[in-house]
Amino acid sequence: MIEGSASKPIHVGFSISPSEDFRLASLPLFENGEVEAIEWNLDLGWSSRGIVPWVQALLEAYGEAGRLHGHGVEFSLLSTPISPRQERWLAHFGREVKARPYQRISEHFGFITGGDFINGTVMPHPRSEAALAVGRDRLARLSGLAERPIGLENLALAFSRRDVDEQPDFIDALLEPDGGFLLLDLHNLFCQAANFGVDPDKLLHRYPLNRVRELHLAGGELSYPASDPEGRAFRRDSHVGFLPDEVLALLSEALVHCKNLETVFIEKTDQTLTHRAGMNQHVDDFRRVKERVRAAGRGEAL
């Protein structure tokens, strides 16, 4: 049984993956009533395949309880001019926000399309006055359709150390006119810190922490790009791994300094929970996060 709460504790939940391995691994947590909120990637429900029944049931139950949050991936906030694909996305978005009672809705900073180019990973964009104007226009369109402020998620990717330094202020400037919120992805932040030799705690404090309403937590992996002549490791936000200790340490720091934080979501990629040991680790990660939230005095009352 999911119950609403007026006391604004921090809720811990999952970003829902519609795969069977995620369902089986997460089922004990849902059955025990431990999952306090869920996030749904809006784009996933707009394909011809639709939404699988067990996900539909979760969306309805958590929606009725006021614990459902929406997240977009493929709008491509900083692409210009606005394309027919983006117009179709906005039409889907308009119908979606009328159909479900999302508490908050977020998208990604950056872009995923440019002309005929469509990429599977959201790319960063250098700051400029033109890019700022485009981003504010796109956020206003989203906010107008949703009739509520829209949040932005920080990226794992950066083109350079300068890009790492500029992204926090750029995101803050984009969110300013409509009072939008920051969805702070701590693994994304850790990726930038690891790949560019930046202190993750110092990078955390570069972001407008007063805007943070939601956190994303995930694990990733190291790759060794053939294009790098030095063969250096590159940390990717692939969501295939489990929560690193460094990300849990960032969580503890965020719990102290993100005074307006309300929800923490754990992300996992499809088909990565196919073995019993991984399923057990998935449950353990969730409970470790809840324990840190409670230890900070910010969890939901038992």
Discussion item. How large are Rg and Dmax for the range 136-269 when calculated on the C-alpha trace, in angstrom?
Written reply: 15.3, 49
Fill in: Cα-based convex hull volume of the range 1-94 per residue, rounded to whole Å³
125 Å³
Worksheet entry | Unit charges at the beta carbon, dipole of the chain: most positive-side option, 196, 13, 181 | 181
Worksheet item: residue 257 to residue 147: extension gain in nm, 0.36 nm per residue of separation minus the Cα-Cα distance?
Response: 36.8 nm
Item to complete: Go through 23-30, 258-265, 86-93 and give me the packing order, highest mean Cβ count within 10 Å leading.
Response: 258-265, 23-30, 86-93
Fill in: Square roots of five times the Cα gyration tensor eigenvalues for the chain, Å
27, 24, 20
Discussion item. What does the extension gain come out to for residue 165 and residue 245, with contour length at 0.36 nm per residue minus their alpha carbon separation?
Written reply: 26.4 nm
Worksheet item: Using +1 on the beta carbon of Lys and Arg, -1 on that of Asp and Glu, and nothing else charged, what's the dipole of the range 193-240 about the Cα centre, debye to 20?
Response: 220 debye
Worksheet item: Taking the Cα centre of the range 141-286 as the origin, how large is its charge dipole in debye, to the nearest 20, when only Lys and Arg (+1) and Asp and Glu (-1) carry charge on their Cβ atoms?
Response: 100 debye
Practice prompt. Sticking with the crude label model, points 7 Å out along Cα→Cβ, report the distance from residue 27 to residue 226 in nm, one decimal please.
Written response: 4.1 nm
Worksheet, complete the sentence: Taking a crude spin-label model, label points 7 Å out from Cα along the C-beta direction, the residue 99 to residue 234 distance in nm is 3.7 nm
Response to the item:
For the range 33-95, the percent of accessible surface on carbon and sulfur atoms (probe 1.4 angstrom, ligands and nucleic acids excluded) is 56 percent
Practice prompt. Report, in deg cm²/dmol and to the nearest 500, the calculated mean residue ellipticity at 222 nm for the chain, where each DSSP H run with n ≥ 4 adds -39500 (n - 2.57) and the sum is divided by the residue count.
Written response: -13000 deg cm²/dmol
Worksheet item: Roughly how big is the chain's charge dipole about its Cα centre, with Cβ charges of +1 (Lys, Arg) and -1 (Asp, Glu), in debye to the nearest 20?
Response: 360 debye
Worksheet item: Stretched out fully, how many nm does the piece from residue 291 to residue 20 gain, at 0.36 nm a residue minus the Cα gap?
Response: 94.9 nm
Discussion item. Among 244, 273, 57, which residue has its Cα furthest toward the positive end of the charge dipole of the chain, with +1 on Lys/Arg Cβ and -1 on Asp/Glu Cβ?
Written reply: 57
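The values are calculated or read from the model by the stated rules, or taken from the named source; none is laboratory data. Only a predicted model underlies this, so the values are computations on that prediction, with no experimental measurement involved. Glycine gets a Cβ as well: all are built from the backbone with ideal geometry, and neighbour counts include every protein chain shown. With ligands, DNA and RNA removed, areas are computed over all heavy atoms of the protein, side chains included. Shrake-Rupley method; radii C 1.70, N 1.55, O 1.52, S 1.80 Å.
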